[in-house]
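Undergrad: Take this structure, written in structure tokens, and hold onto it; I'll ask about it next.
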Amino acid sequence: MNKVTLIGRLGVQPRGGSINGTTFSNFSIATHEHYKDVFGNRVERTTWHRIVVFGRAAQFANDYLDKGRNVLVEGRMNYRQYQDRDGVERVVAEVVARQVQALDAKGKSGGDDEHGTAPAGHLLH
């Protein structure tokens, strides 16, 4: 089974558009892990994850998610290969999301923008 569930904070404003009539969105989220090392010191580790999402969930991400927002993402891991400008083979790991859920209210002040306010816990498949 290839299933990923992440809770993290958006690192960038979602970027999206449409390809052949299908809406897409790309963004990254940071997850944080806290633990104590062998000396008892508290250590925080941040991991960045690339996210790609399609359809209604992508439209939600493009319209309502902003940098810094807490989100829950569920999907599957995907690995793509490509050649960069110098001809070097590169591998990209990304989560192809099925669901994107906002975990906090839009904006610190509770204000809305031209798209309206997405309620906390808004979920689209």
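For every residue, the table says whether it meets (1) buried (at least 17 other Cβ atoms within 10 Å of the Cβ); (2) over 9 Å from the mean Cα position of the chain (by Cα).
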{"site": "Arg45", "(1), (2)": "no, yes"}
{"site": "Arg50", "(1), (2)": "no, no"}
{"site": "Arg56", "(1), (2)": "no, yes"}
{"site": "Phe60", "(1), (2)": "yes, yes"}
{"site": "Gly68", "(1), (2)": "no, yes"}
{"site": "Val73", "(1), (2)": "yes, no"}
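Undergrad: Anything in region 14-29 that is surrounded by fewer than 14 Cβ atoms within 10 Å (Cβ to Cβ) and within 20 Å of the chain's Cα centre (by Cα)? List them, or say none. Spell out the reasoning first.
TA: Let us first name the residues in region 14-29 that are surrounded by fewer than 14 Cβ atoms within 10 Å (Cβ to Cβ), namely 15, 17-22.
Within region 14-29, Arg15, Gly17, Ser18, Ile19, Thr22 qualify.
Undergrad: Considering only region 68-98, state which residues are in contact (Cβ under 8 Å) with a residue 12 or more places away in the chain and either aliphatic (A, V, I, L, M) or touching a Gly at 6+ places or on another chain (Cβ under 7 Å) (or both). Full working, then the answer.
TA: At the first step, the residues of region 68-98 found to be in contact (Cβ under 8 Å) with a residue 12 or more places away in the chain are 68-80, 91-98.
Residues satisfying the conditions are Val71, Leu72, Val73, Met77, Val91, Val92, Ala93, Val95, Val96, Ala97, Arg98.
Undergrad: Which ones in region 26-73 are assigned to a loop (DSSP other than H, G, I, E, B) and closer than 17 Å to Val95 by Cβ?
TA: In the first step, residues of region 26-73 are kept if they are assigned to a loop (DSSP other than H, G, I, E, B); the result is 37-41, 65-69.
Leu65, Arg69 - these are the residues of region 26-73 that are assigned to a loop (DSSP other than H, G, I, E, B) and closer than 17 Å to Val95 by Cβ.
Read-outs: derived from the displayed coordinates by stated rules, not from any lab. Since the structure is predicted, the reported quantities are computational estimates derived from the model, not experimental observations. Cβ: placed from backbone, ideal geometry, glycine included. Neighbour counts: every protein chain shown.
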